[in-house]
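Report on the following structure.
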Amino acid sequence: MTKPINSPNNSPNNVLSDVPSVQTNAMPDQQNFAALSAEMVLDALASVGVEEDGRLLVLNSYENRVYQVGRNEAEPVVVKFYRPHRWSDAAILEEHAFVNELMEQEIPVVATLAFDGETLLHYQGFRFAVFPRQGGRAPDIERSDTLEWMGRLMGRIHAIGALKSYTARPTLDMQSFGITPRTWLLENNFIPQELERAWESVSAQALEAVQACYARAGDIATVRLHGDCHSGNVLWTDAGPHFVDFDDSRTGPAIQDLWMLLSGERGDRTRQLSDLLAGYEDFFEFDPRQLHIIEALRTLRLLHYSYWIAMRWDDPAFQLAFPWFNTMHYWQDRILELREQIAAMDEAPLRLF
C-alpha cells in the first residue's frame with residue numbers, strides 16, 4: 001500500500017496528492033555480476049570473433065560491468081556488460097542507433113562496433129556491447145574556448161536529437177526522477193525512522209518547488225539527450241572533445257546536458273553557460289525559459305541518486321563503493337541538501353550576458 005504523503009500544501013490540486021503506488025517488489029533481480037569472471041568476458045568476445053590477447057583491465061563503472069581488453073596486433077576494445085532489467089533490448093538499441101546517427105554526422109562520439117550487423121550481443125544470459133577504446137583527458141572547463149567548443153558539439157547533438165523521438169527510452173520528468181524515487185524510498189524503509197518525517201516533509205516541499213519552477217518556465221520542448229553530460233563523460237584530445245557513455249540517454253529538456261557542465265559560484269556558472277551557448281547557438285536554438293528549471297533538474301537528480309543506490313543495494317559492489325549510504329549522517333546531509341535546493345529554486349534564474 002502507498003504511504004500517505006505529508007505535503008506542505010493541503011490543496012487537492014497539490015502535485016503530490018495523487019501519487020501512483022510503487023510496488024515494494026519493484027527492485028529488479030540483480031544478476032550475479034560476480035559470476036562474470038575474466039574467462040567469461042574473454043569467452044564472450046571470442047563468441048563474436050574478437051581475437052584478444054588475454055590482457056583485461058576492469059574499468060570504473062557501477063551501473064554496468066566494463067572492461068578494457070587487449071587484442072593481438074590491434075587496438076584494445078572496451079566491452080560493456082549491461083545490468084539486467086534496467087533497459088529493454090529495444091531501449092539499448094535506441095541508444096546505439098542515436099549514437100550512430102551522431103557519428104554519421106561526424107560528431108565525435110564513441111559508437112558500438114557491429115558484429116554481423118548486430119550491436120547488442122548475448123552470451124550465457126548476459127547482454128554486452130563492444131566499443132573502440134577512446135583515450136583522452138578531462139576538459140579544462142575554466143577555459144572559455146573549451147566551453148565554446150563543447151557547446152558547438154552539444155548544439156549539433158541536440159539538433160540531431162530533435163529530429164525524432166525515442167519510443168522505448170523514458171523521459172526525464174518529475175514523475176520518473178522525483179515522485180517515483182521519493183515514494184519508493186519511503187515505502188521500502190530506507191529512511192531512518194528518526195529522520196523519516198523530516199525527510200518526507202522536506203522532499204515534498206522540494207517537489208512542490210520543482211513544480212513551481214516548471215510552471216514558471218512554461219511548455220518547453222524536449223530532445224533526445226546525452227542524459228549524463230558531466231565533465232567525466234567528456235574526453236579531451238588534441239582533436240578536441242569526445243562525448244562518451246550515452247547509457248543514460250533519454251528524452252528531456254536540452255538544458256539538462258548543459259547545466260551539468262557548470263560549477264562554482266553564481267557568477268562562474270553564468271560565465272560558463274554563456275561560453276557554452278556562444279557555440280551551442282551556432283547549431284541549435286536555446287530557449288531561455290529553460291533557465292527556470294536548472295535548479296529543479298538538480299533537485300530531481302539528487303532525489304534520483306539516492307533511489308538509484310537504494311535500488312541496487314543488494315549488489316555487493318554498491319555496498320563496497322558506497323559504505324556511507326543509508327547511515328544516519330547520509331540522510332541528515334540529504335535533508336540539508338534539499339533545504340538548500342528549495343532556497344535555490346526560489347531564487348531568480350541565471351541571467352545570460
So for the range 127-140 (the condition being outside the structural domain of H85 (by TED's automatic domain parsing) and assigned to a helix (DSSP H, G or I)), does at least one residue qualify?
no
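Residues checked against (1) within 30 Å of A35 (Cα to Cα); (2) at pLDDT below 95; (3) in the same structural domain as Y307 (by TED's automatic domain parsing):
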position	(1), (2), (3)
I92	yes, no, no
F98	no, no, no
M154	no, no, yes
G178	no, no, yes
Just a yes or no: is a residue in the range 136-152 in contact (Cβ under 8 Å) with a residue 60 or more places away in the chain, over 19 Å from N233 (Cβ atoms) and touching a helix residue (DSSP H, G or I) at 6+ places or on another chain (Cβ under 7 Å)?
yes
Anything in the range 211-235 that is out of contact with any Phe, Trp or Tyr (no Cβ under 9 Å at 6 or more places or on another chain) and more than 23 Å from E285 (Cβ to Cβ)? List them, or say none.
Q211, A212, H230, S231, G232
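Say whether the condition of being among the β-branched types (V, I, T) and either surrounded by 19 or more Cβ atoms within 10 Å (Cβ to Cβ) or assigned to a helix (DSSP H, G or I) (or both) is met by at least one residue in the range 163-174.
Step one: filter the range 163-174 for residues among the β-branched types (V, I, T), giving 167, 171.
If we keep only those that are either surrounded by 19 or more Cβ atoms within 10 Å (Cβ to Cβ) or assigned to a helix (DSSP H, G or I) (or both) as well, we get none.
Looking for residues that are among the β-branched types (V, I, T) and either surrounded by 19 or more Cβ atoms within 10 Å (Cβ to Cβ) or assigned to a helix (DSSP H, G or I) (or both), one finds none in the range 163-174, hence no.
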Filtered residue count, the range 212-223, keeping only those that are of a type outside the set (S, T, Y), closer than 16 Å to G178 by Cβ and surrounded by 17 or more Cβ atoms within 10 Å (Cβ to Cβ):
2
Every residue in the range 64-86 that is in contact with an Asp or Glu (Cβ under 9 Å, 6 or more places away or on another chain), surrounded by fewer than 19 Cβ atoms within 10 Å (Cβ to Cβ), part of a strand (DSSP E or B) and of a type in the set (D, E, K, R), please.
R71
Would you confirm, using the coordinates I've provided, whether W149 is in contact with a Phe, Trp or Tyr (Cβ under 7 Å, 6 or more places away or on another chain) and modelled with pLDDT of 95 or more?
no
Close pairs (8 angstrom Cβ cut-off, 6 or more residues apart or separate chains): among the acidic types (D, E) in the range 72-91, not in a helix (DSSP H, G or I) anywhere
E75/P132; E75/R133; D89/L120; D89/R127
Looking across the range 29-53 at residues that are farther than 17 Å from P132 by Cα and loosely packed, with under 12 Cβ neighbours inside 10 Å, the single one that is farthest from the chain's Cα centre (by Cα) is E39
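Looking at this structure, is L320 aliphatic (A, V, I, L, M), closer than 18 Å to I191 by Cβ and surrounded by fewer than 13 Cβ atoms within 10 Å (Cβ to Cβ)?
Values: aliphatic (A, V, I, L, M): yes; closer than 18 Å to I191 by Cβ: no; surrounded by fewer than 13 Cβ atoms within 10 Å (Cβ to Cβ): yes.
So L320 does not fit the description; no.
If I filter the range 102-112 for residues that are in a helix (DSSP H, G or I), modelled with pLDDT of 95 or more, touching a strand residue (DSSP E or B) at 6+ places or on another chain (Cβ under 9 Å) and not basic (K, R), do I get at least one hit?
The initial filter retains those residues of the range 102-112 that are in a helix (DSSP H, G or I), namely 102-104.
Subset that is modelled with pLDDT of 95 or more: 102-104.
Those left that are additionally touching a strand residue (DSSP E or B) at 6+ places or on another chain (Cβ under 9 Å): 102-103.
Now restrict to residues that are not basic (K, R): 102-103.
For the range 102-112, residues in a helix (DSSP H, G or I), modelled with pLDDT of 95 or more, touching a strand residue (DSSP E or B) at 6+ places or on another chain (Cβ under 9 Å) and not basic (K, R): present.
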I'd like to verify a number: residues in the range 39-66 that are touching a residue at least 24 places away in the same chain (Cβ under 8 Å) and under 22 Å from D314 (Cα atoms), how many?
4
If you take the residues in the range 220-275 that are modelled with pLDDT of 95 or more and hydroxyl-bearing (S, T, Y), which one is farthest from S165 (Cα to Cα)?
T270
So the check is Cβ under 9 Å with 6+ separation or different chains; which pairs have a first residue in the range 269-285 that's more than 19 Å from T222 (Cβ to Cβ) and a second one that's of a type in the set (S, T, N, Q)?
R269/S263; R271/S144; Q272/S144; Q272/S263; S274/S144; D275/S144; D275/T146; A278/S144
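The values are calculated or read from the model by the stated rules, or taken from the named source; none is laboratory data. Just so it is clear, the model here is predicted, and its values are computed rather than measured. Every residue, glycine as well, gets a Cβ built from its backbone with ideal geometry; the counts of neighbours run over all protein chains shown.
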